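The numbers here are math on the coordinates, done by the rules we state, and not lab data. Fair warning: this is a prediction, and the values are worked out from it, not measured in the lab. Cβ placement follows ideal geometry from the backbone for every residue including glycine, while neighbour counts extend to all protein chains displayed.
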Amino acid sequence: MTLRSRKLLAYGAAAAGLLAVFALYTRPEIMATLADQIWSCFQ
């Protein structure tokens, strides 16, 4: 594997990860669960 192909693969994996996280934030139940988990840290 050349350096260029490794770089492209790394950028592609990072973009796919960011898109997956963005897709989770569009679901209201995920946001409610995340808020509950953060809130439980301070109780």
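A quick yes/no check of all residues on (1) touching a residue at least 40 places away in the same chain (Cβ under 8 Å); (2) part of a helix (DSSP H, G or I); (3) loosely packed, with under 10 Cβ neighbours inside 10 Å; (4) out of contact with any strand residue (DSSP E or B) (no Cβ under 7 Å at 6 or more places or on another chain):
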residue: Lys7; (1), (2), (3), (4): no, yes, no, yes
residue: Gly12; (1), (2), (3), (4): no, yes, no, yes
residue: Ala15; (1), (2), (3), (4): no, yes, no, yes
residue: Thr33; (1), (2), (3), (4): no, yes, no, yes
residue: Ile38; (1), (2), (3), (4): no, yes, yes, yes
residue: Phe42; (1), (2), (3), (4): no, no, yes, yes
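Go through the stretch 17-31 and give me each residue that's exposed (fewer than 10 other Cβ atoms within 10 Å of the Cβ) and in a loop (DSSP other than H, G, I, E, B).
The answer is Thr26, and nothing else.
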